[in-house]
Each structure stands twice: as C-alpha cells, then as structure tokens.
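Down below is the structure, laid out as structure tokens.
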Amino acid sequence: MTAVRAITSNPVLRRILSSLGTLLGVAIFVFVMLRAIPGNQITAGLGTEAAALTPAQRAALEAYYGLDKPLVVQFFGWLGNVLTGNLGYSSRAQESVLELTSQSLPVTLELAVFSIVLALLIGIPLGMLSASKPDSPRDAFGQTVGLLGLSIPAFLLATALLAILSSTLRFNPNGEAYAYLTDNLLLNLQQMLLPSLVLGFGIAAPIMRTTRTAVLEVRGNDFIRTARAKGVGPRRLQFRHVLGNALVPIVTMTGLQFGYLLGGAVVVEQIFSLPGIGRQVLLGIQQKEYAVVQSTVLLIALAFVIVNLLTDLLYRVIDPRVRAE
Amino acid sequence: MIAGSHARRGFTAVAGLVMASALVVSGCSSTTNPAQSAPASTGGTLVVGVTSDPDTLFPWKATQFQAVNILQTIYGTLTEFDKDLNVVPGLAESWDTSTDGLTVTLHLRKGVTFDDGSAFDSADVKSSLDKIKDEKTAAVAAASLASVKSVDATDANTVTLHLTTPDAGLLANLATVNMAMLSSDDTEAGLNTTPNGTGAFKFSDRKASQSMTIVRNDAYWGAKTKLDKVEFRVIPDESSIVSAMQSGNVQFAVFDDPLVAQTAEAASLNVAKTPQLSYHVLQLNARKAPLTDVNVRLAMQCAIDRQQVLDTAAAGEGQVTGPITSPAFRSDPASRPCPTRDLTKAAEYLAKAGKPDGVTVKAIVSQGEYSTSVNEAQNLKAQLADAKITLDLDVLESGAYVDKWIAADFEAAVALNGGRPDPDGAYSRYFTSTGNLNKVAGYSSPELDQLFAQGRQTSDLAKRKEIYTQISNNLEDNAVWIWMFTSYTYTATTSKVSGFTPMANSSLQYLRETSIS
C-alpha cells in the first residue's frame, strides 16, 4: 500500500504511469479498429481477384500472413515483439518496421520543425501586430491573413503552388527523387521548402490568434501599467513584459500543433511526394499490414506523449510562477 | 475489378480541377513544343511517374496495376501479346497442338538466360507450371491451368503439356506475368527482394514506396532496349505527376482519370488515348430476388441508356460496350433486346414479371476504388427510377465493397472489371457453372456451359468468333449483367519521348522500344 501511495504521490512517476496507460490504450484501440475495418491483407493485396481463390489457396495465404491465429495470440504476440524491440515486418516493402521508421521519421521530424518555425515566424509577429491596435485596419489585416490560413485547405494551396511553379518557373524540386538530408542537403532543403510553407501557413493561423488573445489579455494587467509608469521603453515593454507573459498559451498551442505534425501530414506528404511517417501509416492501412500500422501509430503516440511532456517542462522554464508552485 | 485500381484513390478529381484553374491563372504556357520529331536515340534514363510502387515483386501473386506492369518488363512468359493482343511467341519459339487437341508441345527458345546468369530450360518451365498449379503456392493464375493434367520436360528445349480437354484459350493465358517463367532454383522469399527474370529489362534497385529502377538486359533474347534505364518514381498524387512532367523531372505516366488527362493536355504534354479491355458494368445477381426473374433484369436493361451513364459519369470518355471487349471478338453493343433506352418495353417486362408497380434492387458501390463509380451509380439510379425501378445504393469504402463482392453478398454491384484478350479467359471463370467466380457472377446455364466448352475445343478463329458471338448474345438476351462502357487509359509523355505503343491491356511492354532524346 505504501508503495502504491509513494508512486501515486510522486508527480513524475504518476505522469510516466499515466503515459504508459495511454500508450497501452492506443495499442488496444488501433488493434481493434484495424480488425473492425473490412478486408484483410489477402483482399487488400489481391482485390476482387481474391474471390477466385480456392479454399486451399486461401488457407495457404492466411498461414503466410499469420491471419490464421486467434486475435488474442495476434495481439500479445505483437505486443511481446514490440517490447523486445521487434516492431514487425512489412512484406510490401520487404523491410522491418524499424528500418521503415528510421527512414520516415526523420523526414516527418524535419518537416515538422521547419513548419513550426515558419508558423511561429508568421504567427507571432502577425498576432502582435493585430493586438497592438485592436479593431484597426492592421488588426483586420492580421485577422484576414489568419482566416485565410485557417480556411484554405492544405491540399488546395499545395496543388496550386506546385502547378503554378512547375508551369511558369519549371521549379519543382519535389519532382526529383526524394533526397535525404545526409545525401544532398541542398536538394533536401528545396524539397522541404514548399511543404513547410503550406503547413506553416496553416499552423500560423491558430498561433496568430492565440498570440493576439494572449497579448491583449496580458496588456490589460496592472503590472504592465506599472512597468509603463516606471518608464520601461515601448520595445522592451512589448517583448519582455507583454510577450514574455503571453508565452504560456502560445507554447501550449505550438506544442499541440507540433505533436499533430509528428503524426505525419498525410495530404501534404502525398502531394509533395515526401516519404514521411504519414504515408507509411497510409500504405499500411491500404495494404492492411496490421503490424506496420500498429507499431507506427504506437511510435507516433509515444512521440506525442514526449512532446507533451517537454511542453510541460518548458512552462517551468518560461514562467517563474509555474516553477514556484 | 480492374487489377490494381485500388492503388489510385484520393482527391485527384478535386486536385485536378484546382490544377486546371491554376494553369489558367498562370497563363498556361503552350507556346513552345520543341523537338516535335526528335530522332530516336540510344541510351538515357526515362523517369516514369507512378502513384504507387509494386505491392509485391513476386509475379505469380501480382494483381496490382503497377506490380503487373513493372514486373512484365522484367520477367518472360512462354507466349506474349503483340500490340493488337494477338498471341505471339515468347520464351516458347513455336508450338504444335495434336489433332485431338489434348497435347501441346512447346519448343523453347535456346540460349536464354536469367538475370543471375543461369540458363533457362525445360526444367524451369515444368517447375514453374507445376508450382503455379499447386494450391499451396496460392498463385492467382492457377485456375488458368485447370485443363493441364501434367507437364513433361521432354528434352532440354521441349515441353509437352497433357490436357484433360482441348483448351483454345491456353496459349493466351500463358502470356500474362502471373504465368512468368521462374528459375527452378528461385524461391518466393528470394524473388521478393531480388527479381530474377528473362525480360527485356532487369531489376536494378528499389526504395520501398519511393522508386524502383530497371536497366537494360544485355542478355535479352530479343532486340535490346534503347533506354539504359527506367526509373519508376512514386508520386502518389496524379496532379503532382502532371506538375513533375511540366517541370521536366518526369517524362512518362499513365493516367486513368479523364480529368487528370485533360490537365495533362492543357499542360501541353502529349496524351494518347487507348481503349481498355476492362469494362464498366452493373452486375446483377440472378440468384437473389427479384433479379431471379429474367423479365426484371430485362426491364433494367431497357431502362438504362448506356451512353447517358458514360456522358454523365465519365464525361463521355469511353465507348458503349457489350460483354466481350477484346478487339478480335468484340461484341456488337447494339445486339441486345433493348439496344437503346425503351421505357415502354421496360414497363412490359415488369408487367410480365408480375411487378407492374415496380421493384427495389439494392446495389453496392465502391467509393474511391475508381474515379467514376459513385457518379455511375447515381445516374443509374436516376434512369431506373423513370421505369419504377428503385436502385438502393449502398456506397462502401473499397475494402468493405471487396468483402461483399467476394462473398457475392449483393443483389447488384456497380463494378469495373478487368478484361482479358481471350474471351474464354475473360468470362468462362464467371459464367460456367464450375468457374471460380461463378458465385460472384450469380448466373450460369447449361447452354452457356456448353457454349464455353465448344469455344475451348475450337481452334479455328472464325468458328470461335461465331461461338463467342452466341455467348455474348446469350448473356445479353438474358440480361445476365448490364454491360455499359469501356474507358480509356491516357499515356502522357513529354516531347522527348518516342517509340512507345500503348496497349489495351495497359501493358508497358513497349518500353523496350521507347527512346528518349
């Protein structure tokens, strides 16, 4: 009992335990969902041609794909393998899920970092501009850009951008075979440019809105008036006092968006032919490669949990009030 | 279902529209079209844009569009098709059929080697055919060898096939990549990573879900390829492929969505239309009420204007068709009880069926399997409603659709089915009582069984044509299914590419004659 109490009263341990619970929940949920979807690896591979299989042929294929085992055996067999570091094998790619992910995760990570940086570079200044004089033309401008970012679907912006640049400037780095960061840095950066812009523009909108709201709220506080009365310069006031205190909601929003990006931006990855983790999951689902989807989604969930944890830690760095608690 | 259309889905239609408008905005550079007649040269790399890479490299199990077409460039088959889908020699240089039709002797080409350097001989043929027939292999073409009792390697270059019954469709069946000749030393696991064929190209490199590269096979028995190398580059979105062709990164692609083909044309790419063997059809399950009654089925046939379905669902891009789509045996689309829409006749048939107030038929429709499915279904529903026939649409995600289709768990199904060059290969599996797809076809009759048997036993082309015309008429007279139209594939190339011949079975075999300047 005391041991249990010791664990539940320790915030860090509690946090880790609840994270593990979340991951187990995700594992079970994905496992069940995948099997609830009609079709299996046989019909996904053969399509309607699977109707022509004789019972003996079907049995041979079920044994080949491991579909002849009971569900419980399938689940614990997979989970046991994952715990020992074997994430499964993709017969489509003829590679292990670990190999696949070691190639796709860096692509997604790079895209996510660039997109978030661009989003922050667009969103925060725009939000501050809007908040600097509410209901003015400059606020309307900021709000309009934000609205555009929210309402233009990524696939539309992506396809239009690609079509226009390809036809007018013959500029289409994404038409080349994908270059990994370590293979060809220059081409890699070019290939990341358009997708990061598209994603960054979309994410800039919620960041801009959060910034605007947070800045307006902080500006109304007494300590800002006090600072101003003490003669703090407008620039220092804006950045050190207002923005500094408005950072917590902005960081929360950024962390959330970054977490989503790690799940793979499937649509943008498809249009710009980026072999990221989103496409890995999509192909896994299309091909009904259960182990690929289960393990990849588990890794994505793990990444999400870690980003959340880091975001929480970041609060302590940027806000002394959280540290004091 | 057309093999592999499941690899093409998504938002291409919308994206295509977006792209078309973007082209207009950008002023649509159609000013120059350089090197219209580039001299055929040797060498170079052709980049082919594909929406997916092969989902398997094992030819006996490949049904996906990309897998079939890419593997066909690497592997050799005993017979082949020429550009008009006539059977021509492949790895078998010639063949003799005994007078009773029960023995087929294949004379193999000499001096052929596999990519790993080993020699191709009769032992490889025997081992391949035996393994394809073995149910444990789960080869998709096993049923095509149903008439083959045994295979003998008579000598190193001669193989004798002993048949249980004469089989006029056999030689055409041997021409598909699902019947690829594999070295007797190779295993499925090995070939899944390292293909080893006798084709015009050989496997070079694959990056899963990114690209696959093949290079010229200098040991190929036929004319050597002009291209040094072909890279199949995965660009999942068809509109993005068009963009990549405009920027010159990709020089060749095959599309099946007319909208994307239009964007490609607007982008001043060369686009060649090829009528396909695959056909759009409303499959009826005559084993489920109310479709058990031939009069109900005929009423549906009379209520449907095929051209209207084609015009509304596929922008008129295609041809109205009867059952048989292979060029040499093509059905006359007008040869049916209702060659054109006739609502009076439809009402008469319904009255004959004792249902003057109409019937309700449930139809399954796949969403996303191919671009026109839902539009076809909606037009069919509207047309049938005029004849008091209610078509209840059950629009399903493609996995769910395939499950129901396989189980024949439907009254009607809006489908796009793959055709085959030989009408026996195309339809005996559906409409003979022992066919492996007869459950899905939902119909068989002693007359059809007999006609198909005759068709198999007749080798004379003119007589075969007559028999398959009878089969076609029988299918239409009984309104077994309602055949609607065939569509096109669109081969888009940049001005640098020449020498490619598209085929009705969408084979890419003529990449071996293609060159790039």
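The values are calculated or read from the model by the stated rules, or taken from the named source; none is laboratory data. Treat the numbers as computed from the prediction; the structure is a model and nothing was measured. A quick note on method: Cβ atoms are made from the backbone with ideal geometry, for glycine too, and the neighbour counts reach across all protein chains shown. For the accessible areas, the whole protein counts, side chains as well, though only heavy atoms, and no ligand, DNA or RNA atoms are used. Shrake-Rupley method; radii C 1.70, N 1.55, O 1.52, S 1.80 Å.
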Cross-chain or 6+ apart pairs with Cβ under 7 Å, region A:34-53 first and within 7 Å of another protein chain (Cβ to nearest Cβ), then among the acidic types (Asp, Glu): A:PRO38/B:ASP403; A:GLY39/B:ASP403; A:THR43/B:ASP403; A:GLY45/B:ASP55
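Enumerate the helices (runs of 4 or more DSSP H) found wholly within region A:154-233, keeping only those where 3 or more residues are open to solvent by less than 10 Å² (accessible area, probe 1.4 Å), away from chain B (no Cβ under 14 Å) and over 27 Å from B:VAL47 (Cα atoms).
On the way: elements: A:154-164, A:185-219, A:222-229.
Once the helices (runs of 4 or more DSSP H) in region A:154-233 are filtered for at least 3 residues that are open to solvent by less than 10 Å² (accessible area, probe 1.4 Å), away from chain B (no Cβ under 14 Å) and over 27 Å from B:VAL47 (Cα atoms), what remains is A:185-219.
Can you tell me which residue among B:VAL125, B:VAL177, B:VAL104, B:VAL159 is within 14 Å of another protein chain (Cβ to nearest Cβ) and either under 23 Å from the mean Cα position of the chain (by Cα) or touching a residue at least 40 places away in the same chain (Cβ under 8 Å) (or both)?
Working: B:VAL125 fails: within 14 Å of another protein chain (Cβ to nearest Cβ); B:VAL104 fails: within 14 Å of another protein chain (Cβ to nearest Cβ); B:VAL159 fails: within 14 Å of another protein chain (Cβ to nearest Cβ).
Going through B:VAL125, B:VAL177, B:VAL104, B:VAL159 in turn, the sole match is B:VAL177.
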Out of (1) assigned to a strand (DSSP E or B); (2) crowded, with 19+ Cβ neighbours inside 10 Å, the odd one out for B:VAL140 is which? (1)
Identify the residue in region B:244-253 that is farther than 12 Å from A:GLU176 by Cβ and at pLDDT 95 or above and, among all such residues, is surrounded by the fewest Cβ atoms within 10 Å (Cβ to Cβ). B:GLN251
So which residues in region B:410-427 are modelled with pLDDT under 95 and among the charged types (D, E, K, R)? B:ARG420, B:ASP422, B:ASP424
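Could you say which residue among B:ILE214, B:ILE241 is within 17 Å of B:TYR510 (Cβ to Cβ), open to solvent by less than 10 Å² (accessible area, probe 1.4 Å) and either in contact with a strand residue (DSSP E or B) (Cβ under 9 Å, 6 or more places away or on another chain) or at pLDDT 95 or above (or both)?
On the way: B:ILE241 fails: within 17 Å of B:TYR510 (Cβ to Cβ).
On inspection, the qualifying residue turns out to be B:ILE214.
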Looking at B:VAL440, B:VAL361, B:VAL414, B:VAL365, which one is among the hydrophobic types (A, V, I, L, M, F, W, C) and more than 28 Å from the chain's Cα centre (by Cα)? B:VAL361
Report the residue count in region B:386-415 for those that are assigned to a strand (DSSP E or B) and surrounded by fewer than 23 Cβ atoms within 10 Å (Cβ to Cβ). 7
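Does B:LYS131 satisfy the criteria of being at pLDDT 95 or above and either open to solvent by less than 40 Å² (accessible area, probe 1.4 Å) or farther than 26 Å from B:ARG464 by Cα (or both)? Spell out how you get there, then give the answer.
Numbers: at pLDDT 95 or above: yes; either open to solvent by less than 40 Å² (accessible area, probe 1.4 Å) or farther than 26 Å from B:ARG464 by Cα (or both): yes.
The answer is yes for B:LYS131.
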Residues of region B:78-96 being closer than 20 Å to B:PRO423 by Cα and either open to solvent by 50 Å² or more (accessible area, probe 1.4 Å) or of a type in the set (Ser, Thr, Tyr) (or both), in sequence order, are B:THR79, B:LYS83, B:ASP84, B:ASN86, B:VAL87, B:PRO89
Looking at (1) modelled with pLDDT of 90 or more; (2) open to solvent by 30 Å² or more (accessible area, probe 1.4 Å); (3) under 27 Å from A:ALA303 (Cα atoms), which is the only condition A:TYR260 fails? (1)
Scope region B:491-511; condition part of a loop (DSSP other than H, G, I, E, B) and of a type in the set (A, V, I, L, M, F, W, C); matching residues: B:PHE500, B:MET503, B:ALA504, B:LEU508
Having 3 or more residues that are within 14 Å of chain B (Cβ to nearest Cβ) is the bar; report the helices (runs of 4 or more DSSP H) wholly within region A:58-153 that clear it. A:97-132
